[in-house]
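Some notes on the structure that comes next.
Any read-out appearing in this document is the output of simple, stated calculations on the displayed coordinates, not a laboratory observation. Note that the structure is a prediction, hence the values are computed from the model and not measured. Cβ placement follows ideal geometry from the backbone for every residue including glycine, while neighbour counts extend to all protein chains displayed.
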Amino acid sequence: MLIYKIFRADEWASLQQAGETEGAPIDKADGFVHFSTAGQAAETAAKHFAGAEGLMLLACDSAALGDALKWEVSRGGAKFPHLYRTLRLTDVLWAKPLLLKDGAHRFPEGMA
């Protein structure tokens, strides 16, 4: 199953340069890297990145993250994937721009 991480341009650039990251400031504060499922990603973008441009959507294979990935109850009682280790560039299957159009982020077709 693919899971998704939204990064600002500077956070994505930092991951590309360093090869790994503890995540965005919220991830560092919480002690894990926040991810979303395909069904959760749009609400995550609207809640935490409203109106933000220059975002990147990263996809990772949840199974490949192993035991460091925990599914925990979060927003609205839903289980979200949380990564309890650094996110490595090698974990990222693909990264695509998350475009903002008419005030809403446009996710790639066929996200699953």
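A few points about this structure:
- Highest mobility in the GNM of the chain, judged by mean-square fluctuation with C-alpha springs under 10 Å and restricted to GLY76, GLY39, GLY51, is found for GLY76.
- Across the chain, C-alpha contacts under 8 Å between residues 6 or more apart give a mean separation that, scaled by the residue count, equals a relative contact order of 35 percent.
- Given charges at Cβ of Lys, Arg, Asp, Glu: the chain dipole, positive-most of LEU87, ILE26, GLY76: GLY76
- Estimated purely from DSSP H runs of n ≥ 4, each contributing -39500 (n - 2.57), the mean residue ellipticity at 222 nm for the chain is -7000 deg cm²/dmol once divided by its residues.
- Per residue Cα convex hull volume in Å³ - calculated over segment 2-99: 91
- Within a Gaussian network of the chain (alpha carbon springs, distance under 10 Å), most fluctuating of GLY66, GLY31, GLY77: GLY77
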